[in-house]
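Throughout, read-outs are computed from the coordinates displayed, never taken from laboratory work. Predicted model, so just to flag it, every value in this text is computed and none were measured. Don't worry about glycine lacking a Cβ; one is built from the backbone with ideal geometry, like all the others, and counts go over all protein chains shown.
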Amino acid sequence: MSDIPALAPDRILRFHAPDKVFHSLNAITWFALLFTGMYVYFLNPSDEAAETAMLIHLILGAVFTFNLLGFIVIAPDRFALIMRACLEWDRNTIYWFRNFGGYPRRFFKIPFGPVEVPPQGRYNGGQKASYLLFMGMIAALAVTGWLLWIGAPVTGKFVYWATFYFHVWGSIIISVLVVCAHIPLALLSLEHFKGIWRLGPGTISVEAAEHHAPIWFERDVVRTDIEK
Ligand code: HEM
């Protein structure tokens, strides 16, 4: 018997519990880490305030790291599913970049590329590229964070300096991408937004699945009746 709860006929399970926990905890700790880090780096606080902020930053960094490790260890199938979906680059994925999903035309009236958007799988071309970047940076920020924290005595001056600037500016650049692209684009589909953030089931409507990810819907949801 399947361990997936019965769904309403017009709903599709897109986000399983581990996906939702990983994404929410990652997003919350990400921004809390960004604010505490930027506060110390840019605002030149008193020694006492900087020490408190850094202590909070380190505790949050540990939660951030174990959130990623926990996701991989507890739900390796879900982690693999997301990575596999991001790494599958077929013709339709590449062709998505010919008109950037039609967004320049839709939002800025720029007639960029063909009008038609090729049908996409679980993620579109832009999502695949950005999620690979996000997952890579989540891992890289965790590794560089621990290196800066407990590896400092053994790393040379240059390695410490390079790691520090990568950690600070890498996190800021990805945060700009998250705030200016990921969040606004995520809000375009309230079904996906509610599916990944709500406390209840991670379902989306059939309509949203057919509209945003027709190949995923056709190939992975309808035909096999399992979300793979
Ligand atoms: C408040 C902030 C955020 C919002 C509203 C948000 C929203 C969303 C939504 C709606 C999706 C589902 C997209 C889909 O399946 O089509 C998603 C997926 C994803 N987001 Fe975010 N996100 C936020 C923060 C972040 C941050 C900070 C990161 C990492 C830097 C991130 C990384 C990802 C990744 C890797 C996925 C794919 C995971 C999956 O499909 O289970 N998100 N996000």
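Where does segment 14-220 land on Rg/Rh, using Cα atoms and the Kirkwood Rh?
Values: Rg = 19.3 Å, Rh = 19.0 Å.
Rg/Rh for segment 14-220 comes to 1.02.
Calculated from DSSP H runs of 4 or more alone, at -39500 (n - 2.57) each and per residue, what is the 222 nm mean residue ellipticity of the chain, nearest 500? Walk me through the intermediate numbers first.
Numbers: 10 runs with 147 residues, N = 228.
Helices in the chain give a 222 nm mean residue ellipticity of -21000 deg cm²/dmol.
State whether segment 71-193 is rounded, prolate or oblate according to the following rule on the C-alpha gyration tensor (a ≥ b ≥ c being the square roots of its eigenvalues): a/c under 1.5 gives rounded; otherwise a/b larger than b/c gives prolate, and the remaining case gives oblate. Before the final figure, lay out each step's value.
On the way: a/c = 2.62, a/b = 1.83, b/c = 1.43.
Prolate is the answer for segment 71-193, as a/c is 1.5 or above and a/b outweighs b/c.
With the crude spin-label approximation of a point 7 Å out along Cα→Cβ, what separation in nm comes out for Ala129 versus Arg98?
Result: 1.6 nm between the two label points.
For segment 77-94, just list the computed ³J(HN,Hα) in residue order, Karplus coefficients 6.51, -1.76 and 1.60, θ = phi - 60°, integers in Hz, with x standing in for Gly and Pro.
My calculation for segment 77-94 gives 5, 6, 4, 5, 4, 5, 5, 5, 4, 6, 8, 8, 10, 9, 4, 5, 5, 4 Hz in order.
In whole Hz and in residue order, list the ³J(HN,Hα) couplings for segment 49-60 that follow from phi through the Karplus curve 6.51 cos²θ - 1.76 cosθ + 1.60, θ = phi - 60°; x for Gly and Pro.
5, 5, 5, 5, 4, 5, 4, 4, 4, 5, 5, 5
For Met135, what is the net charge nearby, where nearby means another residue's Cβ is under 14 Å from its Cβ and Lys, Arg count +1, Asp, Glu -1? Walk me through the numbers before you get to the answer.
On the way: positive: Arg78, Arg84, Lys128; negative: Asp19.
Charge balance in the 14 Å sphere: +2.
Is the C-alpha gyration tensor of segment 144-228 telling us rounded, prolate or oblate? Criteria: a/c under 1.5 is rounded; beyond that, a/b larger than b/c is prolate, otherwise oblate.
Values: a/c = 3.40, a/b = 2.59, b/c = 1.31.
Prolate, since a/c reaches 1.5 and a/b exceeds b/c.
Can you work out the FRET efficiency for the pair His211 and Val73, with r the C-beta to C-beta distance and R0 = 35 Å, to the nearest 0.05? Please list the in-between numbers first.
Values: r = 35 Å, r/R0 = 0.99.
Efficiency, from the Cβ-Cβ distance: 0.50.
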